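Here is the structure we will look at.
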Amino acid sequence: MSEQTHIIIAGAGLAGLFTAYALTGRGVKVRVVDPLPPGSGASRAAAGMLAPCYEAVLERPEAGDPLLKACLAARTAWEEVAGPLAEEAGMEIGYDPRPSLARAAADAPAGWLDSVSEYLDELGLPYAPAGEEEMLELPLDGQVDNRAVITALVHLLEARGVDFHRGDLKGVIGGIIVDARGWQGPGASPVKGTAVSLAPHVGLPDRVVRFGNRYLAPKAGRVVLGAVSQAGISDTRVSEEDVQALLGDAAKLYPAVRETEVLERWSGVRPRAQDGLPILGWARTNRYLIGGYFRNGVLLAPLMGQWAASHILDGALPPEAIPFSPDRLSLSAT
């Protein structure tokens with residue numbers, strides 16, 4: 001394929017931006033099309049988790065599950081891309097490889113943390129006891145500031161000559177189209193998530209803490225608290241009931257949550273395929289699908305972008321990506 005091939009990417013979330021990053025890194029001309037500003041959807045609403053281990057606990061896949069393998073490979077990909085991305089963009093992206101902590105939620109059943117460690121043993125994933133409280137340290141689980149990553153990628157891609165166009169695919173004829181439209185793309189369904197950010201305060205954790213299906217993730221100037229998750233809902237209005245549920249659950253473990261200011265509250269919509277696996281591959285001759293990352297959107301985006309670029313330009317796809325083919329879902333891109 002010619003290095004001057006012009007590829008259109010539909011969707012300016014992290015899935016599309018990292019695909020553009022990989023393609024332009026090989027000299028390909030790219031245009032990114034989205035009706036909204038870059039990173040306006042789930043990518044901005046996320047908390048920047050790079051957490052293959054804890055997400056495996058939440059999803060409970062079987063040992064050897066293809067999603068877990070991809071998430072572990074994606075964690076390595078972040079180690080490789082974080083420095084060069086920040087350097088080329090000339091700005092910090094909040095990459096924090098310090099191990100996350102896991103602890104039981106206030107209403108968790110007795111022995112919950114033991115069940116987590118047993119499951120991590122089953123999967124062969126590392127952990128260690130941590131702190132005076134009963135907690136586990138997860139050395140493979142870190143975080144990044146997803147909003148800073150979006151800003152860095154847009155700045156970098158514009159410098160590489162990427163054309164960002166506010167619009168949709170109407171009128172686009174011919175050429176290769178990479179469909180990275182999130183929950184609005186083929187094969188994906190919406191899952192609403194709600195989160196808040198808090199002003200930093202004494203008594204809040206200084207690194208990521210996971211408790212049940214909630215988390216506290218400290219960033220520069222804010223601490224993100226999430227998340228409420230609702231399948232099948234694409235409405236992004238923020239429910240006060242959901243916000244209070246988050247604050248209440250967190251305050252049972254960290255009373256400082258009630259002592260600090262709520263800076264922001266928001267809802268976003270994650271894309272999820274029916275079987276919970278990512279979507280990666282050709283739907284037809286000129287339409288390539290990428291997405292369906294669900295809870296692992298920030299984690300998977302750089303690796304999947306690399307895989308997509310190699311598949312599109314070289315026809316090469318690693319064996320571990322085969323289970324993510326759109327063929328399993330009998331899709332036709334529209």
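Worth a mention:
- Sorting the segments 317-324, 265-272 by their residues' average number of neighbouring beta-carbon atoms within 10 angstrom, most packed first, yields 265-272, 317-324.
- Anisotropy class assigned to region 100-139 is oblate, per the alpha carbon gyration tensor with a/c at or over the 1.5 cut-off and a/b no larger than b/c.
- Considering helices alone, the calculated mean residue ellipticity of the chain at 222 nm is -9500 deg cm²/dmol, with DSSP H runs of length four and up weighted by -39500 (n - 2.57) and normalised per residue.
- Rel. contact order, % - alpha carbon contacts under 8 angstrom, at least six apart, region 120-272: 25 percent
- Expressed as a fraction of 2.2 N^0.38 Å, the C-alpha radius of gyration for the chain is 0.98.
- At R0 = 45 Å, FRET efficiency that the Cβ-Cβ distance of R26 and R166 yields, to 0.05: 0.95
- Taking 25 Å as the straight-line reach from the Cα of K219, the lysines in range (excluding those fewer than 8 positions away in the same chain) are K192, K252.
- Region 134-158 and region 66-82 have their alpha-carbon centroids 13 Å apart.
- Mean Cα-pair separation over length for the chain, i.e. relative contact order, pairs under 8 Å, 6 or more apart, %: 25 percent
- Take every DSSP beta bridge whose two residues both sit in the chain; close to 70 percent of them are antiparallel.
Bear in mind that the values in this text are calculations on the coordinates, not laboratory data. Just so we're clear, the structure is a prediction, and the values are computed from it rather than from any experiment. FYI the Cβ positions are ideal-geometry reconstructions off the backbone, even for glycines, and counts take in every protein chain you see.
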